[in-house]
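Only one structure is covered here, and it is reproduced in the block below.
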Amino acid sequence: MKMRRRLIWTAAALLILVLALAGCAPQAETVGEAEPAAEEAAPEPTEEPMAEESDDMEMEPIKIGALAPLSAPGAVVGGEAMREAMLIAADELNARGGIMGRPVELIIVDTEGLPERGTAVVERLINQDGVVGIGGGYHSSVGVAAKEVARDNGVPIVFAETWNDTITSVQYDEIFRIAPLSSEVSTVDVKFIQWLRDENGMKLDKVVILTENTDYGIPAAENTTALLDEAGIASVTFSVDIGTQDFAGIIERVKAESPDMIVTLATGEASYNFTQQAADAGIGPQDVPTMCNQVSLVSDAFWTNVPDGNHCFVRRIGLPQQLYNDVAQALVAEYSARTGKDDIESYAMASYDSIMLIAQAIEDSGSTDPSDIIDALENINHMGALGPITFPINRSNTPDQAGVDPKWWHQFPDPAITIVQYQVEGQDATETTVVYPDVYQTGAPIVVGQE
Amino acid sequence: MNPAALYRVSGSIAVVILVLLPLASSEMGGVGPLVLNSYFMHLAITAFFYAILASSWSLLAGYAGQFSFGHMAFMAIGGYTSGLIGKFIRFTTAPSELCTDIPLPGNWWLVILNIRRVGTIDESCLDMAKAETLPAGTLIVFPPVWASIAMGLAMGAVFGLLVGWLVLRLRSTYLALFTIGFSEILRASISAEIPITEGQSGLELVPLFPAGILGFSSTSKIPPYYAMLFLFLFAMALMTWLAGSRFGLFVRAIREDEEAAAALGVNIVRYKVLVFVVTSTLAAAAGALQGHYIGIITPNTLIILQMSLVIAMAVIGGLENIYTASVGAIIITFVLELLRTNIEIGPLLIDMTLWRLVFFGLLLMLTLRFQRNGLLFPILERISRGGVAEETVSIRVEEEELDEEEAVADIEAEEEERAASPGNAK
Amino acid sequence: MENAAIFGWALLWILFWGALGGVVTPRIYARKDLEISQASFGGAVIGAALGPFSLVPLWLATPKITSRLIGISIALVVGIFIAAFALADPDNLCVANGGFVVSQLANGIVIGIIYGLMALGLTLIFSILGVVSFAHGEFYMIGGMVTYFMTAQWIPGVSPIVAILASCVVTFAIGYVFELIFLRPMGSGEIERPTEYAILVTFGLAFFLQYFTQALTSAVPVKAQRFFPFPRVEIPAESGALLTTTPGNVTIFDAISVPNPRFTAAVLALMMLAALLWFLYRTWVGKALRAVSQDRQAAAVTGINPNSMNTLAFSMGAMLAGLSGASLVQVFSWLPQVGIPAAARSFVIIVLGGMGSLPGAFLGGLIVGLVEAAGTGCIPDATRAAAYIPAYGMVILTLVLLLKPTGLFGREL
């Protein structure tokens, strides 16, 4: 009796395994030539050689890789938005006949937000899938690790959302970036705080910074502290583990500091948790001027998680929506149709551009050789959704020659950064008021807590 | 054919194939139509890495009955020790004056670098010394990778000894909780002490062979493949020998009944601690090697999720046998990678990046419940015994009914039984 | 910290005499043929309390080491620790600011009550089945998820009470089915080494439930609205010196402030606790449960079916975790991963309180709540204090397991 039951269950367990395995069996068809449009990663690590000897090189798709965090511990929300935008890019390319008459195949891989996964998947993109360039990229730590693999293999990466300064300051030929530099972002934050003090007559002697102990949070907090110091503003930094839920103790400490302003550099749900719990405790955005983290621009999630978040200041990367160019308008329309969101996240927009940049570089150089693509990228002038994209600091104009900091190497110099404010409860991110800088301003800031 | 011999032969064939496999890699031009690209080589290295972890965990948990959840912590100790040595220690031929200098015999100095501020590209004290105090022509030598790996191993052994000794009194649940605590404290410390460990951004390690070896460049997959393969084979050989010796007999006697084993004169303290030391040293070795191969190590390798992956590999392969555990780990590494493809059933699109882990968890539970010995073991059993698959189970059921005093003797008998059985091929 | 040296030396003094007391005392007691089961732990705390001034009399007189003696010593150690801290860092908020301390204490107690409720479920399972459920955090997560989806998505505007009940039903049902399929065979001897089996199989369940939820929902954090916002009140009117409430907060004496969601959650938890006590002590089934936890065989003889008690205990334990999740989903943002730290904290609590002890779990919850509040509130280095939050509980866990594995109220191992 027992024996038979055991066998049945073994069979059942094996069946599940087989079914799960069967999942990868039809992959050969999904990647088929019939539909060479954007496809999710389709690995076949064993037998398939690099298929270089193939006769009809003409119809062979051009493969472009893309990095995005699609499962925990990565920032999955960000990764999914990026994936959607990059798929739009690939569809658009194919709809207009591909690159040099060849279809484009976009291979999106999951970095899980882990550097070790990052090296593995970049390795796979280059050596297994044979991509000629890579776009996307979210976590800085993944970017730092991935740039080494790109360099070893001589394949270019255009990073869309990795802010860490060192990624470009090591000056690798292969590494380009259209995301802002972390240190520049801190500069804008502090300039805004100074502006509030000097132009709006706000009392601003002490700022509390809440950051996360990650490769993004720690340097950002240090930069901000140093810049605030120069501006004559005292600051206290609290650093939390990214998984922190309960901020009650920290908030009491923040309260005891009686800050004139709170800056939240912690990302993800930690930022939501902190802001709402602070609001409950009476030092929320409606009591003390607060710069909420950029994740607050995902307005649905923001209002669900931070119902008392009105009057939050949020830093926004990219132009305000009313200044979008045609490319961006078209992208937002398509993106909204696919996701139901009203606006596109800055990093999703940048991911779209990163794919389009690589495509144009291939067209400009007329070659799929990675080193030709790198040459083309250095000289590119691409009208992207972010605006006209160039990389002025490059091998023919090195940081030394140009007399600038090495962090500007292969760096898109002009990602517009604005500060917006939620001024109506439940407001959509697209309807927020741009309060800084003056050139983009659509309304005056509401400064709370001033007697 | 005698099953034991059959397994010896097939085992040898497997080893030969693994050793010759790199000949088919794309770097070597491949063998005929078979060309393995470097991504395959990367997966193979990772598979060996997990195989070492899963099999050493199965020795600890399956043989010795010590359900430790801190195995990944020892792995991380190996990796971080080796990485920190590479980050903070240099050898010079003149004192730097600016760093901590320790004189060594033969006009050499061991220089410990300063801890730098986070997030900046501050100059290290040695860089400043180069410009100011060090005389021209001073040699600055990085610690050799093998030596830092050896230190990682030693550190793994020391911590294994410490933890093994601390948990002597703790059994099953208590041990599991203690090791989770140990692992979490280590993770929190590594994340928080950013000036030393670089925290979440990860500690960068030099390549396994920084200057290349035998004509292979430092980025070639072939030297790390062999390094990891040999560590794997060495670990298997060591554990086979241990499991077959008195050591293996005693630790299983302790697992079944500690008091009875003690009554028969087994030195419980020594064997329980020893099994901890051996398995954590192996984990540390794997961690150090993998760290240098990947080039970066982060505290996220310590999250409970990573530990559960190793546990699941061992359980699905077969917990009580180091061979099935290691083969399980190798298969699962590849399968999980293959499963990252979306499935379309009619209009339903299943995002396998997520669902593969759901199936995996379900498989883990079902394996535990209905096939305690793992999915591989019974297959091996059936092949070799021609359908008489129930024997081990019946032995175990009888065993439970035996008196305590007979437990050790019984295991001895079982040991002989198993020697003849293929699953435990020696 | 101004006089860090004072604190350092005090700590060293405590550790040294504690270690000495822990090592030497059992030897002395053993030589005199006295009871040594408490000697090691007792010696350690007595040594830590007063150093040589208490150890020498202890070794000379060798009195019976009672719980009261240990209790007094622990209180002394804590007192000395706090005094040394206060001397070393007189400007610290925890020393200088009374309102801050009381608020931290209030927050610690409030959150501790909820932690206690969750741990109660875990300890209930342990006392009946003898296993620790590693999927406890996932039941907590599911409780919160169900409550959120009920109130915000499926039936918007439904009373939070209904949503909480629904989450109870769901977690109870999952626990019930799981116990029937996976844990029931443990009792029949079909499974060898049941404790280890239970660890692994609940671990598998945790893995499965977490990813299953993630696959079904998404990775976007969610949060339920405040269940019962406070009305705006000021007592006395206008000044609000005694009591002031806003929808999100209550302030007492202008100093102690407790946010509304936490307050609601703690009140809910206390109500659940009362209901649980009533169930365990006043109903037949509850009495049967306790009987099984005390003596399985004897209970079976009196006609109680231990198997059904197992199922009941596991599903109720799961339900208690679900309840704590349901009451906290209005406090914290909710994700499929929130169960992991919560489960870790429950492990700490039941180990501290003594595995299988119901009062221990509750008291343990309070202590852990307070220690976390003290840790985040008092550690001077602002950038580190919070980064180590996940470690505080784990330090307690490892220390208790090493020094006194039975915890505060546990039975002997």
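Here the 3J(HN,Hα) profile of the stretch B:272-287, calculated from phi with Karplus coefficients 6.51, -1.76 and 1.60 at θ = phi - 60°, is 5, 5, 4, 5, 5, 4, 4, 5, 6, 5, 4, 4, 5, 4, 4, x Hz, Gly and Pro shown as x.
At a threshold of 8 angstrom on Cα-Cα distance, excluding pairs fewer than six apart, so keeping six or more, what relative contact order does chain C reach in percent?
On the way: 665 pairs, mean separation 98.9, N = 413.
Relative contact order of chain C: 24 percent.
Here each label is just a point 7 Å from Cα along the line to Cβ, and for C:VAL102 and C:LEU277 those points are 2.6 nm apart. Per residue, the average separation of C-alpha pairs within less than 8 Å and at least 6 apart gives the stretch C:265-366 a relative contact order of 15 percent.
Close amide-amide hydrogen proximity is noted between C:LEU243 and C:ILE235, C:PHE253, each under 5 Å apart and 5 or more residues distant or on a separate chain (H modeled in the peptide plane; Pro and chain starts excluded). Computed over every Cα-Cα pair of the stretch C:171-286 and binned at 10 Å starting from 0, the pair-distance distribution P(r) comes out as 11, 21, 24, 23, 14, 7, 2, 0 percent. Once backbone amide H atoms are built at 1.01 Å from N, A:ILE389 has A:HIS382, A:MET383, A:GLY384 as its partners under 5 Å, excluding neighbours fewer than 5 places away on the same chain. Shown in residue order for the stretch A:312-317 are the 3J(HN,Hα) couplings computed by the Karplus curve 6.51 cos²θ - 1.76 cosθ + 1.60 at θ = phi - 60°: 4, 8, 10, 7, 10, 8 Hz (x for Gly and Pro). Here's how it looks for A:LYS63: its modeled amide H is under 5 Å from those of A:GLU105, A:VAL132, which are all 5 or more places away or on a different chain.
Only counting other Cβ atoms within 10 Å, I'd like B:THR281, A:THR304 sorted with the fewest neighbours first.
Numbers: B:THR281 25, A:THR304 20.
The fewest-first ordering by Cβ neighbours comes to A:THR304, B:THR281.
The Cα atoms of the stretch B:261-338 cover 50, 26, 20 Å along the three principal axes, with the biggest extent listed first. Backbone phi angles across the stretch B:61-77, fed through the Karplus curve with coefficients 6.51, -1.76 and 1.60 (θ = phi - 60°), yield HN-Hα couplings of 8, x, 6, 8, x, 9, 7, 8, 9, x, 4, 5, 5, 5, 4, 5, 4 Hz in residue order; Gly and Pro are listed as x.
Computed over the alpha carbons of chain C, Rg followed by Dmax gives 23.4, 71 Å. Most fluctuating residue of C:VAL371, C:VAL102, C:VAL400 in a GNM of chain C with Cα springs under 10 Å: which is it? For chain C, modelled as a Gaussian network with Cα springs under 10 Å, the answer is C:VAL102. Ranked for footprinting exposure by Cβ neighbours inside 10 Å, fewest first, C:LEU243, A:LEU227 give C:LEU243, A:LEU227.
Report, as a whole number in µm² per second, the diffusion coefficient that Stokes-Einstein gives for the stretch C:4-88 at 10 °C and 1.306 mPa s using the Kirkwood radius over alpha carbon pairs.
Numbers: Rh = 12.8 Å.
Once the numbers are plugged in, D ends up at 124 µm²/s.
Size check on the protein assembly as shown: the Cα extents along the three principal axes, sorted descending, read 92, 87, 75 Å.
Within chain C, the whole DSSP H helices whose Cα atoms reach 24 Å or more along their own axis and whose mean Kyte-Doolittle score is at least 0.0 are C:4-31, C:67-88, C:98-129, C:160-178, C:194-216, C:260-282, C:306-328, C:358-378. Among beta bridges from DSSP that stay inside the protein assembly as shown, the antiparallel ones total about 55%. Residue order for A:ASP287, C:ASP91, fewest other beta carbons within 10 angstrom first, comes to C:ASP91, A:ASP287. For chain A, the longest principal axis of the alpha carbon atoms and the long axis of helix A:140-153 meet at an angle near 40°.
Inter-part distance, the stretch C:63-138 to the stretch A:318-344, computed on C-alpha centroids, equals 52 Å. Restricting the trypsin sites (Lys or Arg not before Pro) of the stretch B:36-141 to loop positions (DSSP other than H, G, I, E, B) with no more than 13 neighbouring Cβ atoms within 10 Å leaves B:ARG117. Take the Cα pairs of chain A, get the Kirkwood Rh, then feed it into Stokes-Einstein at 20 °C and 1.002 mPa s and tell me D in µm²/s. Answer from the Stokes-Einstein relation: 92 µm²/s.
For the protein assembly as shown, what does the helix formula give at 222 nm: sum of -39500 (n - 2.57) over DSSP H segments with n ≥ 4, over the residue count, nearest 500 deg cm²/dmol?
Values: 50 runs with 729 residues, N = 1290.
Computed mean residue ellipticity for the protein assembly as shown: -18500 deg cm²/dmol.
Between the helical axis of A:2-22 and the longest alpha-carbon principal axis of chain A there is an angle of about 80 degrees. In a DSSP loop and with at most 16 other Cβ atoms within 10 Å, the chymotrypsin sites (Phe, Trp or Tyr not before Pro) in the stretch C:219-328 are C:PHE253.
Cross-link partners for A:LYS191 among the lysines, with Cα-Cα distance under 18 Å and sequence neighbours closer than 8 places in the same chain left out: A:LYS203, A:LYS206.
When the gyration tensor of the stretch C:221-291 is built from Cα positions, what are the square roots of 5 times its three eigenvalues, in whole Å, from largest to smallest? Write down the numbers at each step before the final one.
Working: eigenvalues 255, 50, 15 Å².
The answer is 36, 16, 9 Å, longest axis first.
The length gained on full extension between B:THR138 and B:ILE13, counted as 0.36 nm times the residue separation minus their Cα-Cα distance, comes to 39.8 nm.
Tell me, which longest segment in chain A has none of the trypsin sites (Lys or Arg not before Pro) that fall in DSSP loops with at most 15 further Cβ atoms within 10 Å?
On the way: sites that count: A:ARG96, A:LYS203, A:ARG395.
Counting only loop sites that pass the neighbour cut-off, the longest clear stretch is A:204-394.
Counting only lysines at least 8 places from B:LYS130 when in the same chain, those with an alpha carbon closer than 29 Å to its own are A:LYS147, A:LYS407, B:LYS87. Placing R0 at 56 angstrom, the Cβ-Cβ distance between B:ALA211 and C:PHE81 gives a FRET efficiency of 0.55 after rounding to 0.05.
The residue among C:PRO221, C:VAL95, C:GLY116 whose Cα reaches farthest toward the positive pole of the charge dipole of chain C, with charges on the beta-carbon of Lys, Arg, Asp and Glu, is C:GLY116. Summarising the label geometry, the points placed 7 Å from Cα in the beta-carbon direction at A:SER336 and A:VAL404 lie 3.4 nm from one another.
Here the relative contact order of chain A, from alpha carbon pairs under 8 Å that lie six or more residues apart, stands at 15 percent.
All of the numbers you see were taken from the coordinates with simple rules; none came from a lab. Keep in mind that this is a model prediction, so the values were computed, not measured. Neighbour counts are summed over all protein chains in view; Cβ atoms, including those assigned to glycine, are modelled from backbone coordinates with ideal geometry.
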